[in-house]
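A.B. asks: Would you mind keeping the following structure in view while I ask a few things?
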Amino acid sequence: MESCNCVEPQLPTDELLMKYQYISDFFIAIAYFSIPLLLIYFVKKSAVFPYRWVLVQFGAFIVLCGATHLINLWTFTMHSRTVAIVMTTAKILTAVVSCATALMLVHIIPDLLSVKTRELFLKNKAAELDREMGLIRTQEETGRHVRMLTHEIRSTLDRHTILKTTLVELGRTLALEECALWMPTRTGLELQLSYTLRQQNPVGYTVPIHHPVINQVFSSNCAVPISPNCPVAKLRPHGGKFMPGEVVAVRVPLLHLSNFQIYDWPEVSTRNYALMVLMLPSDSARQWHEHELELVEVVADQVAVALSHAAILEESMRARDMLMEQNVALDLARREAETAIRTRNDFLAVMNHEMRTPMHATIALSSLLQETELTAEQRLMVETILKSSNLLATLINDVLDLSRLEDGSLQLEEATFNLHSVFREVLNLIKPVASVKKLSLNLQIAADLPAYAIGDEKRLMQTLLNVVGNAVKFSKEGSISITAFVAKPESYSRIPDFHPVPSDSHFYLRVQVKDSGAGINPQDIPKLFTKFAQSQTLATRNPAGSGLGLAICKRFVNLMEGEIWIESEGAGKGCTATFMVKLGIPDQSNESKLPFAPKNTGSHVSTNFAGLKVLVMDDNGISRSVTKGLLMHLGCAVTTVSSSEECLRVVSLEHKVIFMDVCTGLDGYELAVRIHEKFTNRLDRPLIVALTGNTNKVTKEKCMRVGMNGLILKPVSVEKMRGVLSELLERRVLFETL
């Protein structure tokens, strides 16, 4: 047998195999012990694992397996070599796999836990989304119902329709068995059944408003469940075999308006609510859901808004109707007032002319008689007639002025005039009366007072005459001082409600008239500027006068943007009247352009009009004779005619002046035009003067438009006619201020 040189592999020794088995058992035990720990961690962290007891059993099994391998370390016995090799190999493989499994579980378990956590999270999110979708669907459905109900409620502004529609729509939407509205009564102490869903004409049951259930509902903003046996819930009789359905009640705020009433609604209440009661069907186990209660609450608020709109509309319509009635009444009153004013003005215009015509005769003839030889007694009589006639003429002028002032037709005539001459003329007019009463008159004109001013000379003189005339009238002895100066800006602040604006184009004239007469009680001073009113003290001591003077002065001063007031310390202590008026400052070049008016100062007494041919045209025989007498007394050669045709036939170049009455319509104006056509040479034709009793501005404008040379108002005395002729012949134009 041939020998073989092959070398057999050397197998591990028995000791080495023993070591491998020891090491393998140790690692197997460690791996087995670690796996239950990982499983315990997994079970603790995983909240969704359904079979935890199986994992507990599996963990116990693994621990016991590990314990057997650990026990092998102490109970190991030797085996045959082949068995030892097989056991060692198996244990090494078991140790490797066990350790690999344990290590793998360390990495896998967190991943498993995260997967389970995400799954749980997604499930929770899905459930939450389902709930939210359900809520959204519920809200959408509720919103749809609210919009539908709101549309139905807002489709009208009639409050009864609003309330009835609310019940019908709520009953249809929520499938209610009954729905009702309880309204507060006028007293506010009870609720009355006013509207129901099923009954057309509900019986007006009443419930005390202080009932505990009602107080509970009124104190809450939400729908409140109430007992079906509550008085406000007993809307229909319940059947014996069915249980009544659930009932809720909600308050409906009512608008607080003083005159907003439905049936017997109160006017104003600190807690003004209606009560809406809703009942589910009694033959079902249905309950109120949250979204249904929300719907009821929203509808209650919408009803409150709709009722407030309806109330506001009713108030506005009521206010509109009242306003229309007031406008109709005001329009009627305005038309009646305008008619009354026109009637009054027409009456005054007619009366003015009709009264001035006989006054013209009275004053003219009295003035003619005054210039004849008379006894002392006769002269006193004539002077009394003249004085009374002049007083009557003044009264007529005052009434006309007051009428114009009140209807706004009187306007100031702005012109340049001699301011100093106005004061001197007033002094000359008042002096004769003052000398009879032995009163001394003192006039002080400040050095800085302009000699010329722009304003209404006639109204300023009329105001000054009234104020000074009152001082003379109510003074029996002593003196009267008249002071005129330019008002200083610092003096404006002493006058309440008077705030003039300084300017270089105007100044404020301040006139102060102080007397030592009867004086006035301070409480009577405000009455003095009221028309037809006098101080009781003054009226008792001197009943003369109409009571119009100061009232007219007040209005004149207001027109001239000024102020007037009276001061007195009491009866018997005299008084001081002060007024301020706004006047313009003329240019130096305009100072010579002054208006011309007749001056009754006696400066023309020696004027001789002998041989002056004058033509008088007047349809009134008495007035025609009186005017002729005045002119003849002044030495004129007078021709009289009664119509325009006769005047055209008689007039010639020899006539220097024509006096005509233009009160009879357009006849006098046409006559002036025809005379101008007849005599084309302006310097040779006669001067045409209107002698009329009409005081309106239209008359003056028409006279100027047809080319007349002047206008004189009746009545005319001898002295006035003398001044008229003198000024007319000198200036060839003379328009008396109306």
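The values are calculated or read from the model by the stated rules, or taken from the named source; none is laboratory data. Note that this is a predicted model, so its numbers are computed, not measured. In this analysis, Cβ positions are derived from the backbone assuming ideal geometry, glycine residues included, and neighbour counts consider all displayed protein chains. SASA here: full protein model, heavy atoms, side chains in, ligands and nucleic acids out. Shrake-Rupley method; radii C 1.70, N 1.55, O 1.52, S 1.80 Å.
A.B. asks: Those residues that are within 15 Å of Glu354 (Cα to Cα), touching a residue at least 24 places away in the same chain (Cβ under 8 Å) and either assigned to a helix (DSSP H, G or I) or touching a strand residue (DSSP E or B) at 6+ places or on another chain (Cβ under 6 Å) (or both), I need them from region 614-630; list them, please. Walk me through how you get there before you give the answer.
C.D. replies: Residues of region 614-630 within 15 Å of Glu354 (Cα to Cα): 618-624.
Going one step further and asking which of them are touching a residue at least 24 places away in the same chain (Cβ under 8 Å), we end up with 618-620, 622-623.
Once the filter is applied, which keeps residues that are within 15 Å of Glu354 (Cα to Cα), touching a residue at least 24 places away in the same chain (Cβ under 8 Å) and either assigned to a helix (DSSP H, G or I) or touching a strand residue (DSSP E or B) at 6+ places or on another chain (Cβ under 6 Å) (or both), region 614-630 yields Ile622, Ser623.
A.B. asks: Going through region 363-418 one residue at a time, which ones are crowded, with 17+ Cβ neighbours inside 10 Å and within 20 Å of Leu630 (Cα to Cα)?
C.D. replies: Correct list: Ile363, Ala364, Leu365, Ser366, Ser367, Leu368, Gln370, Val382, Ile385, Leu386, Ser389, Ala393.
A.B. asks: Name the residue that is surrounded by the fewest Cβ atoms within 10 Å (Cβ to Cβ), counting only residues in region 696-738 that are farther than 24 Å from Glu670 by Cα and of a type in the set (Val, Ile, Thr).
C.D. replies: Checking each candidate, the answer is Val718.
A.B. asks: Could you please let me know if Gly693 is at pLDDT below 85, touching a strand residue (DSSP E or B) at 6+ places or on another chain (Cβ under 6 Å) and of a type in the set (Gly, Ala, Ser)? Outline the logic, then answer.
C.D. replies: Values: at pLDDT below 85: yes; touching a strand residue (DSSP E or B) at 6+ places or on another chain (Cβ under 6 Å): no; of a type in the set (Gly, Ala, Ser): yes.
Answer is no for this residue.
A.B. asks: I've got another one for you. For Thr640, only one of the following conditions fails: (1) farther than 25 Å from Ile385 by Cα; (2) in a helix (DSSP H, G or I); (3) not aliphatic (A, V, I, L, M). What is its number?
C.D. replies: Against the list (1) farther than 25 Å from Ile385 by Cα; (2) in a helix (DSSP H, G or I); (3) not aliphatic (A, V, I, L, M), Thr640 comes up short only on (2).
A.B. asks: Also, I was wondering about something else. In this structure, does Leu193 turn out to be in a loop (DSSP other than H, G, I, E, B), at pLDDT 85 or above, of a type in the set (A, V, I, L, M) and surrounded by 15 or more Cβ atoms within 10 Å (Cβ to Cβ)?
C.D. replies: Working: in a loop (DSSP other than H, G, I, E, B): no; at pLDDT 85 or above: yes; of a type in the set (A, V, I, L, M): yes; surrounded by 15 or more Cβ atoms within 10 Å (Cβ to Cβ): yes.
In short, no.
A.B. asks: I'd like the full set of residues that are assigned to a loop (DSSP other than H, G, I, E, B) and without any contact (Cβ under 8 Å) to a residue 40 or more places away in the chain, limited to region 671-709.
C.D. replies: Step one: list which residues in region 671-709 are assigned to a loop (DSSP other than H, G, I, E, B), which gives 679-686, 693-696, 706-709.
Phe679, Thr680, Asn681, Arg682, Leu683, Asp684, Arg685, Val706, Gly707, Met708, Asn709, listed by residue number.
A.B. asks: Every residue in region 1-32 that is at pLDDT below 75, within 19 Å of Ala100 (Cβ to Cβ) and open to solvent by 30 Å² or more (accessible area, probe 1.4 Å), please.
C.D. replies: Tyr20, Tyr32
A.B. asks: Still on this structure, please answer the following. For region 680-695, give me each residue that is surrounded by 15 or more Cβ atoms within 10 Å (Cβ to Cβ) and of a type outside the set (D, E, K, R). Lay out the reasoning, then the answer.
C.D. replies: At the first step, the residues of region 680-695 found to be surrounded by 15 or more Cβ atoms within 10 Å (Cβ to Cβ) are 685-695.
Selection gives Pro686, Leu687, Ile688, Val689, Ala690, Leu691, Thr692, Gly693, Asn694, Thr695.
Each row is one residue, and each column tells you yes or no for (1) modelled with pLDDT of 80 or more; (2) open to solvent by less than 40 Å² (accessible area, probe 1.4 Å); (3) basic (Lys, Arg); (4) under 37 Å from the mean Cα position of the chain (by Cα).
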| position | (1), (2), (3), (4) |
| --- | --- |
| His145 | no, yes, no, no |
| Leu163 | yes, yes, no, yes |
| Leu176 | yes, yes, no, no |
| Met183 | yes, yes, no, yes |
| Pro208 | yes, no, no, no |
| Cys230 | yes, yes, no, no |
| Glu246 | yes, no, no, no |
